[in-house]
């Protein structure tokens with residue numbers, strides 16, 4: 001088996017910049033102007049003190065991944081425009097909730113990119129005007145929809161545009 005090192009540019013994080021859009025009508029924009037993408041899994045565990053064991057046993061109940069994204073501010077970048085809108089309005093309503101689409105370099109058994117769509121909350125952490133960095137956090141809510149995705153790359157007005165097409169896994173029956 002050939003081993004391939006994971007490459008950051010072959011993994012994609014998209015945000016739906018139109019949270020009010022119906023499912024299937026999302027406008028996905030790639031988070032590309034960040035220097036950091038670390039998913040913190042935030043495992044929720046329960047500790048059991050079974051009488052048959054000398055020590056405790058932790059059981060993972062679920063995960064609630066989150067990430068902090070330091071986004072370099074470029075006027076015209078759709079992700080920046082969306083996050084700046086939350087910053088400028090200090091919106092705590094429905095616009096602070098959207099969907100995220102993660103498309104991984106990893107392939108499934110049919111050589112398609114593994115992907116997942118999740119509901120998430122967007123919180124603006126800070127905006128450093130001196131460095132031009134707007135930092136936001138994204139926290140998963142609910143159960144992710146697992147599947148695969150293809151990402152097409154094109155150029156519009158000299159700017160790279162990435163367009164994902166997500167296909168949810170079908171339940172086995």
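For the residues 68, 42, 16, the requirement of being at pLDDT 95 or above, touching a strand residue (DSSP E or B) at 6+ places or on another chain (Cβ under 9 Å) and either loosely packed, with under 12 Cβ neighbours inside 10 Å or within 14 Å of residue 102 (Cβ to Cβ) (or both) singles out 16.
Would you tally the residues in segment 80-99 being in contact with a strand residue (DSSP E or B) (Cβ under 8 Å, 6 or more places away or on another chain) and assigned to a helix (DSSP H, G or I)? Result for segment 80-99: 7. Could you tell me whether segment 115-136 includes any residue that is touching a helix residue (DSSP H, G or I) at 6+ places or on another chain (Cβ under 6 Å), within 16 Å of residue 27 (Cβ to Cβ) and in contact (Cβ under 8 Å) with a residue 12 or more places away in the chain? The answer is yes; a qualifying residue exists.
Looking at the structure I just gave you, is residue 84 surrounded by fewer than 17 Cβ atoms within 10 Å (Cβ to Cβ), closer than 18 Å to residue 32 by Cα and touching a residue at least 40 places away in the same chain (Cβ under 8 Å)? Taking the combined requirement at face value, the residue does not satisfy it. For segment 34-69, a tally of residues being within 20 Å of residue 104 (Cα to Cα) and part of a strand (DSSP E or B) returns 6.
Applying the criterion of being farther than 17 Å from residue 14 by Cβ and surrounded by 11 or more Cβ atoms within 10 Å (Cβ to Cβ) to the residues of segment 96-113, the residue that is modelled with the lowest pLDDT is 96.
The values are calculated or read from the model by the stated rules, or taken from the named source; none is laboratory data. What you are looking at is a predicted structure, and each value in this text was computed from that prediction instead of being measured. Neighbour counts run over all protein chains shown; Cβ positions are idealised from the backbone, glycine included.
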